[in-house]
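What follows is a structure written as structure tokens; I'll ask about it next.
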Amino acid sequence: MGIPVVDADLYAENVLVDSRDLYARIREAGSIVWLPRQKMYAMGRFADVRAALRDDDLFLSGRGVAANPIANRLGTDTTLNSDGETHATRRRVLMKSLGAKALAAIEEPLAREARAAVEALVCRERFEVARDFASHLPVSVVSELVGVRGGSERMLRWAAATFDGLGPLNRRGFRSMPRALSLFLYSLKLRRRAVPPGTWAASVFDAQRRGELSAREARALVIDLVAPALDTTILATTHLVWVLAQNRNAWAQIRNDPRLIPAAVVENVRLASPIRGFTRTLAREHAIDGVTLPEGSRVVMLFAAANLDGSQFPEPERFNLERPNGAHLGWGNGAHTCVGIHLAKLEMQMLLEAMVSRVDSIWAGKPTPLRNNTLQGIARLPAQFS
């Protein structure tokens, strides 16, 4: 076809544990490569992925962002799987709860909970980061703000399965289907009377009442509020503890100058890249490096590979507090930039602010890697705050 071929399984178990070598192969092979085992194209260079994400008229999300047709069909009513004015409308509804101005009202409750979480852990000899620390704000505060009853633990299991189901129909994808379908069926039963007034979920149903959304869209958007607020932020926060434990000088810098906290959060998400990537579909024929790809071609945009592109980030695997803020794709880019970006930043900043006054040093043990078709990161991490 004239396009470089990388004959490797992007979703193999060993690759899910550590994708860096395969990401490098994809970046080195070309601007776009063919993955014969997945029967789709892949982009891994920063400039190419960012340009594609910004061209949402050409690289469509409305035909699904998964690597399999079942998940793409089930996600039709979500914000993630939409384009144009439909996407803009759904996003506007969500941003009424998740925009920077709206979140200003919850800064103090988040800060209070962050201080309580840190205070509880400095008294313990050991703790598990993902369960005891990184999950605290999403589970104790954000789930309450969303207003969906059903148990945060169940929501966590559902969200992880949904991300697993966005990969191909491999063994892992098939195993995730029952839980992912459970979340889909749960969303179909959601009604306005089942959510407390004044919650984020209630605001979505209010938009339905005003005629901005259909009933199916409203139910899907409630799940849009839940799933992204959990796994991705928990993974990023767990990685933040690990990276600061490995970079003691950086933690000392942050303690001496807390103004570095926003930079630390942004740089951490670049390195963590909790979402490996989503797929897009070409709206029409398109030439890349002189080779024409046909309309309907599916391309996986590898955010995580782009965030380790040495042509954009010198010493890409180094945690560097002096990198320019906002220059990565950990939250995507363009029209589909993560709607939860402000919430994720706020949660991690509040946790770091609470740590600065109470934690002198951070110890972390051996991380247990996550295995998920779409997510990457640390599943479990023993740690200690001194």
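Throughout, read-outs are computed from the coordinates displayed, never taken from laboratory work. Because the structure is a prediction, the values reported are computed rather than measured. Positions of Cβ are generated from backbone atoms using ideal geometry, with glycine treated the same way; all protein chains shown enter the neighbour counts.
Working out 0.36 nm times the residue gap between Glu295 and Ala116, then minus their Cα-Cα distance, what length gain in nm do you get to one decimal?
Stretched fully, the Glu295-Ala116 segment lengthens by 59.1 nm.
What does the charge count near Arg248 come to, summing +1 for each Lys or Arg and -1 for each Asp or Glu among other residues with Cβ under 11 Å from its Cβ?
Summing Lys/Arg as +1 and Asp/Glu as -1 gives 0.
Now for a separate question. Once the piece of chain linking Lys366 and Glu322 is laid out straight, how much longer is it, given 0.36 nm per residue of separation minus the C-alpha distance between them?
That pair, Lys366 and Glu322, stretches by 13.1 nm at full extension.
May I ask you to derive the FRET efficiency for Arg54 and Gln246 from their Cβ-Cβ distance with R0 = 30 Å, giving the value to the nearest 0.05?
The computed FRET efficiency comes out at 0.35.
Return Ile378, Ile234, Ile341 ranked ascending by Cβ neighbour count within 10 Å, so the fewest neighbours appear first.
Fewest-to-most Cβ neighbours within 10 Å comes out as Ile341, Ile378, Ile234.
Also, I was wondering about something else. Which loop-located GluC sites (Glu not before Pro) does segment 289-377 contain, where loop means any DSSP state but H, G, I, E or B and the Cβ has at most 15 other Cβ atoms within 10 Å?
Passing both the DSSP loop test and the Cβ count: Glu295, Glu317, Glu322.
Sticking with this structure for a sec: Please give me the summed charge of the neighbours of Trp331: other residues whose Cβ is under 11 Å from its Cβ, Lys and Arg +1, Asp and Glu -1.
Once all neighbours under 11 Å are counted, the net charge is +2.
Read through the labelled values [x] 37, 22, 21; [y] 68, 25, 15; [z] 31, 27, 19 and report the label of the one computed as semi-axes √(5λ) of the Cα gyration tensor in Å from the structure.
Identified label for the calculated read-out: [z].
Moving on. Take the Cβ-Cβ distance between Arg124 and Lys189 as r, set R0 to 30 Å, and report the resulting FRET efficiency rounded to the nearest 0.05.
0.15
To the nearest 500 deg cm²/dmol, what mean residue ellipticity at 222 nm is calculated for the chain from DSSP H runs of n ≥ 4 alone, each contributing -39,500 (n - 2.57), summed and divided by the residues?
-14500 deg cm²/dmol
Order these by the 10 Å Cβ neighbour count, fewest first: Arg191, Arg255.
Neighbour counts put them in this order, fewest first: Arg191, Arg255.
Separate question: What is the local net charge at Asp56, summed over the other residues whose Cβ is closer than 14 Å to its Cβ (Lys, Arg +1; Asp, Glu -1)?
Net charge around Asp56: +3.
Additional query: With a cap of 15 neighbouring Cβ atoms within 10 Å, and only residues DSSP puts in a loop, list the trypsin sites (Lys or Arg not before Pro) found in segment 120-159.
When the trypsin sites (Lys or Arg not before Pro) of segment 120-159 are filtered for loop state and at most 15 Cβ neighbours within 10 Å, Arg124, Arg126, Arg149 remain.
Another question about this same structure. Quick one: length gained pulling Thr76 to Arg175 fully straight, 0.36 nm per residue minus the C-alpha distance?
Gain in length upon complete extension: 33.5 nm.
Moving to a separate point now. For segment 254-301 and segment 83-143, write down the distance between their C-alpha centroids in whole Å.
23 Å
Within a 10 angstrom radius of the beta carbon, how do Tyr11, Tyr41 rank from fewest other beta carbons to most?
By the 10 Å Cβ count, ascending, the order reads Tyr41, Tyr11.
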